[in-house]
């Protein structure tokens, strides 16, 4: 797993490449904790995310809860069909804000 | 043509990583469609993480085995472990309709496995717990087409 961060329109974008599973999720958790400490608008770039298991979903749920409590927002974009399928099965597609593209995720709409 | 591999992960704390690496090489060598491979990656992670964190009390090293088999139609993952009879699939499905702040953390893994696989079954065989997961290759090809479009 590789994680990189950038900003666009005062949104902190975190790109996660590879997998979010039981092996890699602690690292993703640590990286997201660092971003969440300093940012309220966060977007996750999943363009290069290969697959996600429940360990990865737990990290996302934790981040969503933290941002919701602090009045921030969490948006996701670039999900491949397999990641989207996991989101639909788990119900995460209805509780997290998923956008098709980065432009839509960092826009005001 | 039939291909496959078998890997003993025992009580190795990095058993999940080793199984992932073995499966990644196998999937690449046999050009398993991305959608099928990813579903298998998720199932493998859920079951091994579950086994290695909860199911290994008193287990002897080498008694957890991951088997993978591929033919023209399907990929079959077999997870064999020693220990008292235990069927993880009997655990109830979580409520996925709850809002984000009402959700208990976790409990989703086996639900994902059941939904992502085409067939999942538990058997007690020769004093061992055997989980068999089947994913048809046809579903994965469809998944790839969606991605290309």
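The values are calculated or read from the model by the stated rules, or taken from the named source; none is laboratory data. Model, not experiment: these values are computed from the prediction. Positions of Cβ are backbone-derived with ideal geometry, glycine not excepted, and every protein chain shown enters the neighbour counts.
Criterion first (buried (at least 16 other Cβ atoms within 10 Å of the Cβ) and without any contact (Cβ under 8 Å) to a residue 12 or more places away in the chain) does residue A:81 satisfy it?
So residue A:81 fits the description; yes.
Filter segment B:1-33 down to the residues that are closer than 20 Å to residue B:73 by Cα and assigned to a strand (DSSP E or B) and list them by number.
B:3, B:4, B:5, B:6
Results for (1) modelled with pLDDT of 60 or more; (2) crowded, with 16+ Cβ neighbours inside 10 Å, shown as yes or no for each residue.
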| site | (1), (2) |
| --- | --- |
| B:52 | yes, yes |
| B:59 | no, yes |
| B:66 | yes, yes |
| B:73 | yes, no |
| B:78 | yes, yes |
| B:100 | no, yes |
| B:106 | no, no |
| B:145 | no, no |
| B:149 | no, no |
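Mind checking whether some residue in segment A:92-103 is within 26 Å of residue B:110 (Cα to Cα), crowded, with 22+ Cβ neighbours inside 10 Å and in contact with a helix residue (DSSP H, G or I) (Cβ under 7 Å, 6 or more places away or on another chain)? Before the answer, list the steps.
Just the residues of segment A:92-103 that are within 26 Å of residue B:110 (Cα to Cα), to begin with: A:92-98.
When the remaining residues are screened for being crowded, with 22+ Cβ neighbours inside 10 Å, the result is A:92.
Still in the list and also in contact with a helix residue (DSSP H, G or I) (Cβ under 7 Å, 6 or more places away or on another chain): A:92.
Checked against the condition, which is being within 26 Å of residue B:110 (Cα to Cα), crowded, with 22+ Cβ neighbours inside 10 Å and in contact with a helix residue (DSSP H, G or I) (Cβ under 7 Å, 6 or more places away or on another chain), segment A:92-103 yields at least one hit.
Within the bounds of segment A:40-51, is there any residue that is within 24 Å of residue B:45 (Cβ to Cβ), at pLDDT 95 or above, in a loop (DSSP other than H, G, I, E, B) and facing chain B (nearest Cβ under 10 Å)?
The initial filter retains those residues of segment A:40-51 that are within 24 Å of residue B:45 (Cβ to Cβ), namely A:44-51.
Next, only the ones that are at pLDDT 95 or above stay: A:44-51.
If we keep only those that are in a loop (DSSP other than H, G, I, E, B) as well, we get A:46-48.
Then keep just the ones that are facing chain B (nearest Cβ under 10 Å); that gives none.
No, segment A:40-51 has no match at all.
Within segment A:65-109, which residues are more than 13 Å from chain B (Cβ to nearest Cβ) and part of a helix (DSSP H, G or I)?
Matches in segment A:65-109: A:102, A:103, A:104, A:105, A:106.
Could you please let me know if residue A:36 is in a helix (DSSP H, G or I) and crowded, with 22+ Cβ neighbours inside 10 Å?
Details: in a helix (DSSP H, G or I): yes; crowded, with 22+ Cβ neighbours inside 10 Å: no.
It is false that residue A:36 is in a helix (DSSP H, G or I) and crowded, with 22+ Cβ neighbours inside 10 Å.
Would a scan of segment B:39-50 turn up a residue that is at pLDDT below 85 and surrounded by fewer than 14 Cβ atoms within 10 Å (Cβ to Cβ)?
Scanning segment B:39-50, I find no residue that is at pLDDT below 85 and surrounded by fewer than 14 Cβ atoms within 10 Å (Cβ to Cβ), so the answer is no.
Residue check, residue B:28 against (1) farther than 20 Å from residue A:20 by Cβ; (2) surrounded by 12 or more Cβ atoms within 10 Å (Cβ to Cβ); (3) modelled with pLDDT of 75 or more; (4) within 14 Å of another protein chain (Cβ to nearest Cβ), all met but one. Which one?
That leaves (2) as the condition not met.
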